[in-house]
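Engineer: If you scroll down you'll find the structure; I have some questions about it.
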Amino acid sequence: MGDRPTTVIGGSRSGQGDELADSMSAVVQDGYGTSDILRLAQLARPEVGPRELLVRVRAAGLDRGTWHLMQGKPRLLRLVFGLRAPKQPVIGRDVAGTVVEVGSGVTKFAVGDDVFGVAPGSVAEYAVAREDKLARRPANLTWEQAAVVPISGGTALQAVVDAGGVAAGQKVLVTGASGGVGSYAVQLAKSFGAEVTGVASAAKLDLVRALGADQVLDYKRDDFADGSRHYDLIIDIAGLSDLARLRRALTPTGTLVLVGGEGGGDWTGGTLGRQLRARLASLFSGQRLTGLIAKERASDYERLAALLESGEVVPSVDRAYPIADAADAMRALESGTVRAKVVITVGPLR
C-alpha cells in the first residue's frame, strides 16, 4: 500500500515528560479517488494549538464519511475540504489514544489521559484533536472498541434521542440496522425501553438480533410499509426508500429522522434533497419529518460513555486492520460486507 515507512526518529519537544517522535507514519491521499489512492507515508509530527491536544493514536475507526471524503463525493464536499485534494491529506476522524501533549489553553485533560473522540487525520501515529471533541475512554472498552464509537455512536445518539425523542414503549424502526450508525441506533432505542425492528440484509440479520432488536426484516424480502405495522419513530439510515413509503410505515403522529443516504447526484448526493423534501412535507402533516446533520461534540461522547460503561451499549467491531492495510479496510467498507464497524490499529495495545 504505497511507500514503506522510514524509521521513526526519537526526540522530545513537549517538555511534558513523554518521549515523542519528530516524524510519524500516516495513511494519506494525495487527491480524490478509490482506495487505491491511499498510501503509507512518513510525515512530520503535527503541532498543537492553544485549545488542542496531541494524541498518540492506538486505534482509528473508519466510517462512510471517511469513504466519502476519500472519494470527494458528493462534489460539494470539496468546497469545504479542498477542491483538487483534501486540505487534510491524512485520512480518518474517529480516534482512541493517549494524550501526550496539551495546548496552553486546555483545562479538561492532562498528559497520560486515555481519550476517544474526533481527531482529523486519525489514521496515523499522532493526531491533533480539539478539547471539545474528546472524552475520557471508558475503562471497560478496548482501544479498538473505543475508536469505533465517536462519529457513528454520536450520530445515532442525536438521531434516536435528540431528533427522534425516543420514549419507552414506542415502536421504533431502524433501516440500515447492521451498519455503523444503525448498530448503535438499535441499542440506544432498546436502552430507552422501545420495541425495535431492524432492517438489514439477510446475511446480517443475526447481528441485528444480537444487538437487541425485537424483530428483524430482510430489506429485499420484507416490506416494512405493507400496512401490517406502524411505527412511532423511524430512523432511516439506509436511504433506500422514498419519503412516501417511509411515511406509510409511520403512525399518523409519528417521527421520521433521515440520517443519511447513498446515491443521488454526483454533486449533492442523496441526502440533502431528501431532507429538504421531508421538512417541506412535514409542514402539511401531523407526522414530524426531519433530517439530521450530525455534530461532533464531546458532550455526546460523555453521554455515550455512561451507556458504554454500564454495558447497555456495546461497540460491535467486524475486523481490525493494521495501519499498513488501511486500503483493504476501506475496500471492505465500500463493498458493503462490513458488519457494524471496522477499525485500524495503530499504536501498541495495552
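The values are calculated or read from the model by the stated rules, or taken from the named source; none is laboratory data. Bear in mind the structure is a predicted one, so any value in this text is a computation, not a measurement. Cβ placement follows ideal geometry from the backbone for every residue including glycine, while neighbour counts extend to all protein chains displayed. Side chains included, ligands, DNA and RNA excluded: accessible areas come from the protein's heavy atoms. Shrake-Rupley method; radii C 1.70, N 1.55, O 1.52, S 1.80 Å.
Engineer: Can you give the angle from 0 to 90° between the axis of helix 298-310 and the longest principal axis of the chain, with both taken from C-alpha atoms, to the nearest 10?
Structural biologist: 80 degrees
Engineer: Also, I was wondering about something else. With a 1.4 Å probe and all protein chains left in place, how much of the accessible area of segment 55-149 comes from carbon and sulfur atoms, in whole percent?
Structural biologist: 55 percent
Engineer: Quick check: pseudo-label points 7 Å beyond the Cα along Cα→Cβ at N140 and E309, how many nm apart are they?
Structural biologist: Inter-label distance under the simple model: 1.1 nm.
Engineer: Here's something else I'd like to know. Between helix 326-335 and the chain, what is the angle of the helix's C-alpha long axis to the longest principal axis, kept within 0 to 90° and rounded to the nearest 10?
Structural biologist: The answer is roughly 10 degrees.
Engineer: Counting only the backbone N, which residues of segment 289-322 are under 14 Å from the spot 7 Å out from the Cα of K108 toward its beta-carbon?
Structural biologist: Counting backbone N atoms under 14 Å from the label point, the list is 296-306.
Engineer: Measure nothing but the geometry: give the 0 to 90° angle between the long axis through the Cα atoms of 272-282 and the longest principal axis through the Cα atoms of the chain, rounded to 10°.
Structural biologist: Taking the Cα atoms of the chain, the angle to 272-282 is about 40 degrees.
Engineer: Hey, another quick one. Could you give the length gained by full extension between Q88 and E302, i.e. 0.36 nm per residue of separation minus their alpha carbon distance, to one decimal place?
Structural biologist: Gain on stretching Q88 to E302: 74.4 nm.
Engineer: Within the chain, which is the longest segment containing none of the chymotrypsin sites (Phe, Trp or Tyr not before Pro) that sit in a DSSP loop and have at most 13 other Cβ atoms within 10 Å?
Structural biologist: The segment 1-266 is the longest one with no such site.
Engineer: Something else about it: Which residue, Y301, Q187, F284, has the largest displacement toward the positive end of the dipole of the chain when charges sit on each Cβ (Lys, Arg +1; Asp, Glu -1)?
Structural biologist: It is F284.
Engineer: Testing the spin-label approximation: label points 7 Å from Cα along Cα→Cβ at S282 and A244. State their distance in nm.
Structural biologist: Distance between the two pseudo-spin positions: 2.2 nm.
Engineer: Is there a quick way to get the dipole size of segment 38-187? I mean about its Cα centre, with the Cβ of Lys and Arg at +1 and of Asp and Glu at -1; what is the value in debye to the nearest 20?
Structural biologist: 560 debye
Engineer: Which stretch or stretches of segment 104-123 have amide N atoms under 15 Å from the point lying 7 Å from R51's Cα along the Cα→Cβ direction?
Structural biologist: From segment 104-123, the list is 104-109.
Engineer: How big is the gap, in Å, between the Cα center of segment 189-216 and the Cα center of segment 43-88?
Structural biologist: Cα centroid of segment 189-216 versus Cα centroid of segment 43-88: 32 Å apart.
Engineer: Stretch A324-D206 to full length: gain in nm at 0.36 nm per residue minus the Cα-Cα span?
Structural biologist: Residue separation times 0.36 nm, minus the Cα-Cα distance, leaves 39.4 nm.
Engineer: Have a look at the DSSP beta bridges in segment 191-322 and tell me what percent are antiparallel, nearest 5.
Structural biologist: That works out to approximately 5 percent antiparallel.
Engineer: I would also like to ask the following. Past the 26 Å Cα-Cα mark, which pairs from K204/K295; K190/K341; K171/K204; K190/K295; K87/K108; K87/K295?
Structural biologist: K204/K295; K87/K108
Engineer: Just the accessible area per residue of the chain, please: how many Å² with a 1.4 Å probe?
Structural biologist: Spelled out: the 1.4 Å probe surface of the chain, per residue, equals 42 Å².
Engineer: Then there's this: Per the helix-only calculation at 222 nm, which mean residue ellipticity applies to the chain, given -39500 (n - 2.57) for every DSSP H run of n ≥ 4 and division by its residues, nearest 500 deg cm²/dmol?
Structural biologist: -6500 deg cm²/dmol
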